[in-house]
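Inspection log for the structure reproduced underneath, given as structure tokens.
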Amino acid sequence: MPDIPMGWATLIAAAVTAAGGMAAIVISIVLGARTRRAVKNIASDTREVKEQVTNSHTTNLRDESDHRHNELISEITAVISEITAVRATQDTHGERLDEVQRTQRGMQRDIGRLADADQEQTRTDHRLSERLTDIEKNNPRPHLPEGES
């Protein structure tokens, strides 16, 4: 896997986190709409029960109740299936985020080692520069007349 610059790793982690958050928002909107529909169905069923109890309809109350029950079970099953899919997606996002964090930690270690090596090279360059200056001071070049090299 290619090394990702630290800034990009942070952006990727933020994007993965944001995508998980957006997925949660979308799912809560979908589930909220389904819940509102289910509540409306329940309110409707309650009105129908009231009609069944107060009127002499030919429809059997038990048959109607069984029908509505089966519809609700279907809706609940669909919601459970969607929740399961969301959890699987969150698990995948969590694994990917862990991988990004591991990569970022590795990159931070690499950057630390490079910084140490750079400091050591700078110290070496400084020492060599000082030695060269000392050599030039102690061994001056003979002065040549102008025009001669």
Margin query: Kindly evaluate I27 against the criterion of being hydrophobic (A, V, I, L, M, F, W, C), out of contact with any Gly (no Cβ under 7 Å at 6 or more places or on another chain) and within 17 Å of R68 (Cβ to Cβ).
Written below: no
Notebook entry, point to check: In the stretch 94-115, which residues are among the hydrophobic types (A, V, I, L, M, F, W, C), loosely packed, with under 13 Cβ neighbours inside 10 Å and either in contact with a helix residue (DSSP H, G or I) (Cβ under 9 Å, 6 or more places away or on another chain) or at positive phi (or both)?
Noted result: I111
Item checked: So D91, is it at pLDDT 85 or above, exposed (fewer than 13 other Cβ atoms within 10 Å of the Cβ) and acidic (D, E) -> yes
Margin query: I'd like to check something: does the stretch 98-110 contain any residue that is assigned to a helix (DSSP H, G or I), without any contact (Cβ under 8 Å) to a residue 40 or more places away in the chain and aliphatic (A, V, I, L, M)?
Written below: no
Note to self: Being under 35 Å from the mean Cα position of the chain (by Cα) and not aliphatic (A, V, I, L, M) is the requirement here; does R131 meet it?
What the structure shows: no
Check: Looking at T124, T133, T103, which is the one that is under 30 Å from G20 (Cα atoms), hydroxyl-bearing (S, T, Y) and out of contact with any strand residue (DSSP E or B) (no Cβ under 7 Å at 6 or more places or on another chain)?
Finding: T103
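The values are calculated or read from the model by the stated rules, or taken from the named source; none is laboratory data. Small disclaimer: the values here were computed from a predicted structure and weren't measured. Glycine gets a Cβ as well: all are built from the backbone with ideal geometry, and neighbour counts include every protein chain shown.
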